[in-house]
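Step one of this worksheet: look at the structure below.
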Amino acid sequence: MKTRVDIERIIRLWEEMAEINKLNLTDIEFYENGKKIEIKEKAVADWKYTGLNNIDFIMSETYRINGLEKENNSNN
């Protein structure tokens, strides 16, 4: 069985991602499961020089690795 994918949907998603990537990373409040994610300034500062975009910051889970996990590990 083939899966239908509308070209208009791909274009709409691509445009939405482009808008997110145009934003300054420090001006974005990210939410996961309806809860605001606190991201360490160091994670954002380290990301600045990677040459990658805001979507990559989330998809690579860098926000979690450099921020939340280090914070949680220091509390143990």
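What follows draws every value from the coordinates through simple rules; no lab data is involved. Predicted model only: the values in this text are computed from it and were never measured. Backbone-built Cβ (ideal geometry, glycine too); neighbour counts: all protein chains shown.
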(request) Taking the residues in segment 1-25 that are in contact with a helix residue (DSSP H, G or I) (Cβ under 8 Å, 6 or more places away or on another chain) and aliphatic (A, V, I, L, M) as candidates, determine which candidate is surrounded by the fewest Cβ atoms within 10 Å (Cβ to Cβ). (result) 23
(request) Scan 50, 26 and give me the residue that is on the phi < 0 side of the Ramachandran plot and either among the aromatic types (Phe, Trp, Tyr) or outside any helix (DSSP H, G or I) (or both). (result) 50
